[in-house]
There are 2 protein chains.
Amino acid sequence: MIHKSILIILTHIVFKKIKTILKGLLYNQSDMENTFFSSTEASKITGCSRRQLQYWREKGVIVPTVNASGKGRNVYYSVSDLLELMVMEYLLSVGLSFETAQESLEMLRKKQPELFKANASSGKLKRLMILLSPNQLELAEYDAEEAFLRVNRHGLPLIPFSGEMIHRHLYDNLKRFNNEIF
Amino acid sequence: MIHKSILIILTHIVFKKIKTILKGLLYNQSDMENTFFSSTEASKITGCSRRQLQYWREKGVIVPTVNASGKGRNVYYSVSDLLELMVMEYLLSVGLSFETAQESLEMLRKKQPELFKANASSGKLKRLMILLSPNQLELAEYDAEEAFLRVNRHGLPLIPFSGEMIHRHLYDNLKRFNNEIF
């Protein structure tokens, strides 16, 4: 009887240890580049709906790294793809139109490609600002004085953009997701 | 021969005088409340497409004062309706989604009803700011310090909103429109 209890406890300890090691592997950001997520997983992690993901694949907005054709069941998103999804999700959640969010994403890819690298080292991502004005969209490095002038004197909209925040959100979500599956 | 020329010149002068009187009547802002515009005219004046106008009528976003059913050919927009169209046009032109623009319009109707009055006296319309944050939309009176804190410290989007500008734009467009039809 006592031997059985000890066995159960030992099994439990060993199982926990394995869980920790596996989690450690998943969190290891240097391995992140080779981690891929299914469409359902990507949806859970980023908060984008599966319908959105499918729509963006069809429109060529965010095309998963594995099976870029966007068809069939073999659709897999890299961490870089997830970062793009997080950007779209953020821009849409603050009320921008699909077209504006898509255009902003394209400008971000050009102006700050390191934003979409799984291992972008913290502090390397400069704050940006999306400058909206009637039928015009610009992306610039954040400048407090310029931002204030624009909003206060010219009465024009401004969307501050922090790549750091996007990375932090994604890694928080990934942690939560990994905790759920173990 | 000379008599004919004089007649032409006189006719021209009389015609110009009539034009001026008619224009004066149209510009008389106190009469603006009783002026109505067809769907095509409203589209030309505000820059919204006829398709947008129809879509918004069907969705109940902006329903013209005359024939509120939105069906048939007897659709007429008041100046108050044109002001609402100008607001939608502006918010969409800076990149907001249809839903966000519609929600902002509804909040503006509640918070600043005088914005949609044809004769709102200049200086009565306070500056406002639309505060966007993930899945939340607020409308507040513009405050430079608060605006700066929000953008600079909290990194949140901000859309300054000036009712004065909307009125000025509409009356400029109306002037241009009236010059075109005469």
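The values are calculated or read from the model by the stated rules, or taken from the named source; none is laboratory data. Everything numeric here is computed off the predicted structure, so don't read it as measured data. So basically every Cβ, Gly included, is an ideal-geometry build from the backbone, and we count neighbours across all protein chains shown. When the accessible area is computed, the model is the full protein with side chains, heavy atoms only, and any ligands, DNA or RNA have been set aside. Shrake-Rupley method; radii C 1.70, N 1.55, O 1.52, S 1.80 Å.
For the pair A:Val66 and A:Ile6, the difference between a 0.36 nm per residue extended length and the Cα-Cα distance amounts to 17.0 nm. Building the convex hull from the alpha-carbon atoms of the stretch B:35-132 and averaging its projection over directions returns 6.3 nm².
Chains A and B together bury roughly 1900 Å² of accessible area, counting both sides, with a 1.4 Å probe on protein heavy atoms only.
Largest accessible area first, the residues B:His169, B:His154, A:His3 order themselves as A:His3, B:His154, B:His169 under a 1.4 Å probe with ligands, DNA and RNA left out.
The amide H of A:Val75, built 1.01 Å from its N in the peptide plane, has A:Ser39 as neighbours under 5 Å, considering only residues 5 or more places off or on other chains. Here the stretch B:87-152 exposes an accessible surface that is 47 percent carbon and sulfur, computed with a 1.4 Å probe and the other protein chains kept in place. Among the GluC sites (Glu not before Pro) found in the stretch A:96-176, not one is both in a DSSP coil and sparsely packed, with 10 or fewer other Cβ atoms within 10 Å of its Cβ. Sorted from closest to farthest, the other copies place their B:Arg176 label points 4.7 nm away, with each point set 7 Å from Cα along Cα→Cβ.
Ordered by solvent-accessible area of protein heavy atoms (1.4 Å probe), largest first, the residues A:Arg127, B:Arg176 come out as B:Arg176, A:Arg127. The slack between B:Lys175 and B:Arg50, meaning 0.36 nm per residue of separation minus the straight C-alpha distance, is 43.0 nm.
Both numbers refer to the Cα atoms of the stretch B:71-182; Rg and Dmax are 15.7, 53 Å.
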